[in-house]
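S.K.: Here it is: the structure, laid out below.
The values are calculated or read from the model by the stated rules, or taken from the named source; none is laboratory data. The model shown is predicted, which means the values in this text are computed figures rather than measured ones. Cβ coordinates were reconstructed from backbone atoms using ideal geometry, including for glycine residues, and neighbour counts include every protein chain displayed. Side chains included, ligands, DNA and RNA excluded: accessible areas come from the protein's heavy atoms. Shrake-Rupley method; radii C 1.70, N 1.55, O 1.52, S 1.80 Å.
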Amino acid sequence: MRVSTTRQEIETQTRELVDYAIADGYNKSDLIIIEGVGASAIKLNDVYLAEIESLTNTILSDSSINAVYAYHIDRIGRNEEKLMQIKNFLIAHKIQLVIKNPSLRLLNNDGSVNNGVELAFSLFATMSKQEMEIKKDRFARAKERNKAEGKYNGGKIKLGYKLDSNKYFIIDEEKAQVVREVFDWYLNGVSLKKIYNKLVDMGIYSSLQNFSTGGKRVGVLLKDKAYIGEGLYPQIVDNETFNQVQERLSNRRKWHESKNIYYCK
């Protein structure tokens, strides 16, 4: 069993699937439950991959296993390559695959492959692939539409901004003031690493774990033209301040511009 949403949904699946296996003659003590909440067979995320790895490892480590029950064929996979890979693995190890919805069994009673079910697998795999292509195309069109309308397109929202009810970027005045202070600090000689440290102390950045690269993070912020109103963003920093910061950044001494060259270091 796997779901990408709530715990309640997977409990319903589990209960129905256990009853289905018991109706086939298994005892509850015979069953090994493998389930994943937050698993995505489309994105092949870590939860889904861990669930599939658990399935294959369990089969390889226990020769008494003779069947796998799945709530729906897409619980096994929605990626064409992954779905066929799992099907072939089960056939190679002579493991029956029982799908509850719709009712399908991969192997005949004599252990041979049910050609009709194998065809159903191939059709589902093809349909899943086409569905993904349609979704990707739909997402791409939606992104282009949002971009044309100046709307949020997903991803992390830059410091100093928030979204209104229609998903347009507006200034978050409290955070925008922090952005202005970052520009002012840098123009007044505060180093990038010290600015990063200040932002950690203020709770803007979460921790000092990446302190060695924190200065680079601040440098990226200072170079971001969104803050002078480029793209979808309203202006937070005036052009003169931004240009002064860029000039100061470009004049910073790089490691290879040192007067002395230290070999073997």
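S.K.: Among K135, K143, K151, which is the only one that is open to solvent by 60 Å² or more (accessible area, probe 1.4 Å) and within 22 Å of the chain's Cα centre (by Cα)? Give the derivation first.
M.R.: On the way: K135 fails: open to solvent by 60 Å² or more (accessible area, probe 1.4 Å); K151 fails: open to solvent by 60 Å² or more (accessible area, probe 1.4 Å).
When all the criteria are applied, what remains is K143.
S.K.: What are the residue pairs meeting all of these: first residue in segment 191-206, first residue free of Cβ contacts under 8 Å to residues at least 40 places away in the same chain and open to solvent by 50 Å² or more (accessible area, probe 1.4 Å), second residue part of a loop (DSSP other than H, G, I, E, B) and of a type in the set (A, V, I, L, M), Cβ atoms under 9 Å, and 6 or more apart or on different chains?
M.R.: Within 9 Å, the pairs are N197/L208; K198/V190; K198/I204.
S.K.: Tell me which of these N188 doesn't satisfy, since it passes every other one: (1) within 30 Å of K151 (Cα to Cα); (2) modelled with pLDDT of 90 or more; (3) open to solvent by 60 Å² or more (accessible area, probe 1.4 Å); (4) not acidic (D, E).
M.R.: It fails just one condition, (1).
S.K.: Does L232 count as within 15 Å of W185 (Cα to Cα) and modelled with pLDDT under 95?
M.R.: Numbers: within 15 Å of W185 (Cα to Cα): no; modelled with pLDDT under 95: yes.
No, not satisfied.
S.K.: So the check is Cβ under 6 Å with 6+ separation or different chains; which pairs have a first residue in segment 77-91 that's touching a residue at least 24 places away in the same chain (Cβ under 8 Å) and a second one that's β-branched (V, I, T) and not in a helix (DSSP H, G or I)?
M.R.: R78/I42
S.K.: Now a separate question. Sort out which residues of segment 77-101 are open to solvent by 70 Å² or more (accessible area, probe 1.4 Å), within 17 Å of L123 (Cα to Cα) and either at pLDDT 85 or above or among the aromatic types (F, W, Y) (or both), and write them in order of number.
M.R.: Those that are open to solvent by 70 Å² or more (accessible area, probe 1.4 Å), within 17 Å of L123 (Cα to Cα) and either at pLDDT 85 or above or among the aromatic types (F, W, Y) (or both): Q85, N88.
S.K.: If you scan segment 112-124, which residues turn out to be out of contact with any helix residue (DSSP H, G or I) (no Cβ under 9 Å at 6 or more places or on another chain) and open to solvent by less than 40 Å² (accessible area, probe 1.4 Å)?
M.R.: Across segment 112-124, the qualifying residue is only V117.
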